[in-house]
Amino acid sequence: MSSADEACGEGTAKDRMKEEYRKYTFRKVLFMLACIVCLVILFGYSLTLGSHEIDFFTVFTTLWDHITGVSYDIGTPEWTNDFLVWEDRLPREVIAIIAGVGLAIGGAAMQSVVKNPLADPYTTGISSGAVLGVTAALALGITAGSISGNYGIVANAFLFGMIPTVVTILVSRISKTSPATIILAGVAMSYLFNAMSTLILISSEAGKIQEAFLWQIGTLQWTTWDDFPMMFIIVAVGSVVLAFTSKQLNILTMGDESAKSLGLNADNYRLMVLVVLSLMTSAVVSFIGIIGFLGLVSPHIVRMIIGSDNKYVIPAAAIFGALFLLTADLIARTVIEPGELPVGVVMSFIGGPMFLILILKSKKGVW
Amino acid sequence: MIINIEGLEFGYSSVPILKDVTVTMRGPRFISILGPNGVGKSTLIHCINKILSPTVGTVIIDDRNVKDISIKEMAKMVGYVPYSANDTFPLTVVDTVLMGRHPHSHRGTLDSDLDIVYETLDMLGILDLAMRSFNELSAGQHQKVMLARGLAQEPKVLLLDEPTSNLDVRHQLEVAKMLKRLSRVKEILVIMICHDINIAAKYSDEIILLHGGTVFDVGTPKEVITRQNLEVVYGVDAKVIDDEGVPHVILRDSIQEKKQLEAGVTVPETRDTATEAI
C-alpha cells in the first residue's frame, strides 16, 4: 500500500469513528425529542380532562389566545374554557412538570455525586429533612430567621434538608467501600426525621394534622399560580447550573483522584452540586410534599436507554421526570370517580415495583 | 522537563509516610518507582501532581514550585493514570478518553478533541473499542483506556499507579513496552509505580527504589536491581542474573521465613526489625 493510500485509509477510519460518535449522539437527542413530543401530547390531554371536557385542539388554541392577550366577555363558552384551562387546570400541570424536572435532575446529580445508583433526594433523607422543616414551619410557626410566608417555609425546608446532605457527604467520605452504607444512613435519617415530624403533628391541633398529612404524602390537588414563581425560579436556576456543569459531574463520578488530576476541584464542586440539589428538592417538597421514587427511577430508565453521559442524562432525565409525574398525576385524577388519589401514592405504586425490577435486572450488583 | 523533589515529607494524621525524599527526575525517559507495600510510592506521585500537598519540602517542575501551580494548570502538564477507576456510571471509550481534554476545554472544539482521541486510540491499538462501554472491557483494555485518557491530556509528564497490576503477562509486557515507546515518541517523562521487578528492570531507563519512606537507591536497572538491595528493601533472598544486559530476578525465599526455619523459633512479626538487623 502506498503512503497516500495509508493516509487516505486513516482519514476514513477517523471519519468512521467520528460518524459513529455523531450517530450515537443523535440517538440520544432523538430519545429526548421523542420524550418532548410525548410530554406535549400528555400535557394537552391532561388539560382536556375535568368536570367539563374541552377537546384537545381547543386547549391549545385557548392557551395561545390567552398568551396573545385575547379577551372574552364574561360568561361566554370561550371565557369558561379560558378560565378552566388557565386558572383551574394549567397551574397543576405546570407545577407537575416543574416538580418532575426538579426531582429527576436532583436524583441524577445525587447519584453521580455519591457514585451510587440508588441515591436520590428521597433515599438519602433530604426529602424527609425538608418535610420536617415545613412541618415545623406550618405547625409550630418556627421558621429560619423568622422569614414569613412561602420564603420562610422554603428556607426551613432547605436548612433541614441540608442536615442529611451533610451527613451523606461525611458518610461517603468515611466509608468509601460500601455504596449501601450511604443509602442505609439515608434510611436511618429518614426514620429519625419522620418521627420528629410525626411528633410535632400529634402535638398540634386536629385540623392541621390532616392537612399536613395529606401534604406529606405528596399531592398536586391544591396547587395554584401562587406556588409557581418561587418553585419555577429555584428549579430553573438549579437545572441550568447542573446542566451546564454536567461535564464536571461526569469527571466526579470517576473518583476524586481522577477528578483532581483532570483539573477539577472535586470538594468544591461536590459541595456546590449538593447545595443546588438540596435547594431544588426543598423547593419542590415545600409546595407539593414528598414524591418518592421519581428522582431515583427517572435517571435509571434514561441511563438504560441513552447511557451514562451526564451531558445527556441531565436534560433527558428532566424531560422524562416531567413526563413521569404528569402520567402519575393523570392516573391519580382519573382512577377513582369522583375525587382523586394523592399523586405521591400513585407514584409509590408505580415506582416501587419499577425500582424492584431495576434492581433485579441490573447486570452488576450495586450493593 | 525536570522534576526536582527536595526534602519531601508527608504523613497522614501524624503517621509519617515519606521522610526526607530528595530525588531528581529528568525526561524524556521512562522511570519506575519500586518498593514494598506501604512504603509511600503512591503518596510520592500524588505529591507531584497535587492530589496531596507535602507536609515539608518542595516539588519543583521545570523551575516552578507545584504550590504555585493551579490544579487546572497542573492537569495540562501532568497526566495521571489511577490504580483503578470507578465505573458505576460507565461512558463509552470515546467519552471516557474525551474527559482527558477537560483541562484544555477553553480551547478546541469537539471535532478537534475527537481528532486527538482518535490519534490516541490508534496509537494504543484500541480503535476497535471506541464505541464500547467502559464497563464491558477486560482489565487490560480498561488499563489502556485509562492510559489513553492520560495521554489525551497531552501532558509533559505522565504518572501511572501500578498500570500492570491485574494484567496477564502478555498485557504486562505490552503496557510496559508501550510506556517506554511513549516516552520516546511523545518525548515525555513517564513515571510508573510497579510491583513487578522484572518488568520494571526490562523496560525502565531508571529505577527509584524506596525503602522506609525514603529513597534507598536511584539509577539504571543494572545499578539498582542487586541482590543486596532486594534483601534490604523487600526482605527476600533472590538471585539476580544477566539476561542480555538486563538484570533478571529469580526469587528464592522470604528472608524472615528462612530465618525462622533456620532458627526453628518465631521471629517478631515486623519486617522492619528483621531487615534492620541485617
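Bear in mind these aren't lab numbers, they're just calculated from the coordinates by the rules spelled out. Quantities reported herein were computed from a predicted structural model and do not represent experimental measurements. In this analysis, Cβ positions are derived from the backbone assuming ideal geometry, glycine residues included, and neighbour counts consider all displayed protein chains.
Quick notes on this one:
- Dipole orientation for chain A: of the candidates A:17, A:217, A:197, A:17 has the Cα lying most toward the positive pole (charges on Cβ; Lys, Arg +1; Asp, Glu -1).
- Look at the dipole of the protein assembly as shown built from charges on Cβ: of A:167, B:79, B:54, the Cα furthest out on the positive end belongs to B:54.
- Of the Cα atoms belonging to the protein assembly as shown, the radius of gyration and Dmax stand at 30.2, 109 Å.
- When +1 charges are put on Lys and Arg Cβ atoms and -1 charges on Asp and Glu Cβ atoms, the dipole computed for the protein assembly as shown relative to its Cα centre reaches about 960 debye.
- Positive contributions from Lys and Arg (+1) and negative ones from Asp and Glu (-1), summed over other residues with Cβ under 9 Å from the Cβ of residue A:306, come out at +2.
- Segment A:47-67 and segment B:109-123 have Cα centres separated by 51 Å.
- Helix-only mean residue ellipticity at 222 nm for chain A, each DSSP H run of n ≥ 4 adding -39500 (n - 2.57), per residue, nearest 500: -25000 deg cm²/dmol
- Total charge dipole magnitude, segment B:2-225, about the Cα centre, Cβ charges on Lys, Arg, Asp, Glu only, Debye to nearest 20: 220 debye
- Positive-end residue of A:139, A:277, A:324, charge dipole of segment A:96-361 with Cβ unit charges: A:277
- Placing R0 at 35 angstrom, the Cβ-Cβ distance between residue B:216 and residue B:70 gives a FRET efficiency of 0.55 after rounding to 0.05.
- Restraint check, B:19/B:259; A:23/B:202; A:260/B:177; A:28/A:260; B:72/B:222; A:23/B:156, Cα-Cα greater than 32 Å: A:23/B:202; B:72/B:222; A:23/B:156
- Ordered by the number of other Cβ atoms lying within 10 Å of each residue's own Cβ, fewest first, B:123, A:231, A:347, A:17 fall into the sequence B:123, A:17, A:231, A:347.
- In chain B, excluding the sites themselves, the longest stretch lacking any of the GluC sites (Glu not before Pro) that are in a DSSP loop with at most 11 other Cβ atoms within 10 Å is B:1-243.
- FRET efficiency, 1/(1 + (r/R0)^6) with R0 25 Å, evaluated for residue A:140 and residue A:211 via beta carbons: 0.95
- With K and R counted +1 and D and E -1, the other residues having a Cβ less than 13 Å from that of residue A:223 yield a net charge of -4.
- Listed by chain and number, the aspartates and glutamates placed with their C-alpha closer than 14 angstrom to that of residue B:144 are B:119, B:122, B:128, B:136, B:161, B:162, B:168, B:174; residues fewer than eight positions away on the same chain are left out.
- Between residue B:260 and residue B:112, residue separation times 0.36 nm minus the direct Cα-Cα distance comes to 47.1 nm.
- Per-residue average of Cβ from other chains inside 10 Å of B:63-76: 2
- Residue-averaged [θ]222 nm for chain B, counting only DSSP H segments that reach four residues, each worth -39500 (n - 2.57): -10500 deg cm²/dmol
- Spatial separation of Cα centroids for segment A:249-274 and segment B:141-157, in angstrom: 18 Å
- For chain A, the dipole from Cβ point charges (+1 on Lys and Arg, -1 on Asp and Glu) about the Cα centre works out to 1700 debye, to the nearest 20.
- Summed residue charge, Cβ within 15 Å of residue A:332's Cβ, Lys/Arg positive, Asp/Glu negative: -1
- Label-to-label distance, residue A:151 versus residue B:231, with points set 7 angstrom from Cα along the beta-carbon direction: 7.9 nm.
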